[in-house]
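Undergrad: Here it is, the structure, as structure tokens.
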Amino acid sequence: MVLLFDSGAFRLSAKYIQKKGNVWYFRRRVSVGCEGLHRDVKGRPQSVLYFSLKTGDQIEAAKRANDHAKRQDALWDNHLSSGNVEGVDPKAALGRLEAAGLKPGDGLRYPDNPLIDRFIEALIGGPFEPFEERPAPSPQSSLTLDLLMGKAIPRTLSDAKDKHIALGKGPRNKTAQQQFDRAWSELLRVCRRLITISYAAMSSVSRA
């Protein structure tokens, strides 16, 4: 953990970053049970993630590390729940691509890359014979495939929440925070259910 700011009653620190030379690096242990999601260039499961954040600025490194950590948290939560959660999570989809060394749109940019085919097979099962019908992917896998093939990354309610708090408009006391959290949880539950229904309907149409 790296201390970013310390003044009076306020202390701000960042996890998962360390400096090597003039560059900041990301270092984090993979959650137990999720090692197989992350593999090195030789295809071996990783228990520790370690890579350059490509910046020498401490604050920028902390921001980038936070983005990586949020995607990883979403991916690991989804994986450990075996996909038995309501709705789909764009951060989990982005985390799945990142764990495989891929980026949104790589399916269009590098259609002949064997890594793409292996990733799709791992995502929906396989390999399949040319005459075999592939099973319909789950809503979460459908979103991951959409991003792989260049579709726009959905903007989420969490993005709006983060912006709301960043503007200083979040709850200002314990009671307000509890009320906010209850309302937020209910809103997410309803919206995730609606998104799941929407993706299931689109999958049915695509199979028809």
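Undergrad: For the pairs 54/91; 15/151; 15/70; 19/42; 15/163; 70/161, flag any whose C-alpha to C-alpha distance is greater than 24 Å.
TA: In this structure, 15/151; 19/42 exceed 24 Å between Cα atoms.
Undergrad: For residue 30, list long-range residues whose amide hydrogen, built 1.01 Å from N in the peptide plane, is under 5 Å from its own amide hydrogen.
TA: For residue 30, the qualifying residues are 48, 49.
Undergrad: Right, another one. Have a look at segment 1-69 and give its Rg and Dmax from the Cα atoms, expressed in angstrom.
TA: 13.9, 48
Undergrad: Apply the Karplus curve 6.51 cos²θ - 1.76 cosθ + 1.60, θ = phi - 60°, to the phi angles in segment 32-47 and return the couplings in whole Hz, x for Gly and Pro.
TA: Result, rounded to whole Hz: 4, x, 10, 4, x, 6, 10, 10, 7, 5, 9, x, 8, x, 10, 9.
Undergrad: Here's another thing I want to ask about it. Could you point to the residue in 8, 38, 108 farthest towards the positive end of the chain's charge dipole, with +1 and -1 charges on the Cβ of Lys/Arg and Asp/Glu respectively?
TA: Of the options given, the answer is 8.
Undergrad: Note the angle between two axes, namely the Cα long axis of helix 114-124 and the longest principal axis of the Cα atoms of the chain, as a number of degrees from 0 to 90, rounded to the nearest 10.
TA: Long axis of 114-124 versus the principal axis of the chain: about 90 degrees.
Undergrad: Each label point is 7 Å from the Cα along the Cα-to-Cβ direction; what then is the distance between the points at residue 40 and residue 113, in nm?
TA: If labels sit at residue 40 and residue 113, their model points lie 2.1 nm apart.
Undergrad: What FRET efficiency comes out for residue 22 versus residue 152 if R0 is 25 angstrom and r is the Cβ-Cβ distance? Round to the nearest 0.05.
TA: 0.10
Undergrad: Can you list residues whose amide H is under 5 Å from residue 25's amide H, if they're 5+ apart or on another chain and H is modeled 1.01 Å from N?
TA: Those lying under 5 Å, H to H, from residue 25 are 18, 19, 20, 53.
Undergrad: While we're looking at this one, here's another question. Place a +1 charge on the Cβ of each Lys and Arg in the chain and a -1 charge on the Cβ of each Asp and Glu, then give the dipole magnitude about the Cα centre in debye, rounded to the nearest 20.
TA: In debye, rounded to 20, the chain gives about 900.
Undergrad: Helix 157-166 sits at what angle to the longest principal axis of the chain, using alpha carbons and giving 0 to 90 degrees rounded to 10?
TA: So the helix axis and the longest Cα principal axis differ by about 10 degrees.
Undergrad: In the chain, if every C-alpha pair distance is counted and binned at 10 Å from zero, what percent goes to each bin?
TA: Result, from short to long distances: 7, 26, 34, 22, 8, 2, 0 percent.
Undergrad: Turning to a different aspect of this structure: Would you mind counting up the charge near residue 119? Only other residues with Cβ under 10 Å from its Cβ, with Lys and Arg at +1 and Asp and Glu at -1.
TA: Surrounding charge for residue 119 is -1.
Read-outs: derived from the displayed coordinates by stated rules, not from any lab. As the structure is a prediction and not an experimental result, all values here were calculated from the model. Counting neighbours? That spans all protein chains shown, and the Cβs are built from the backbone with ideal geometry, glycine included.
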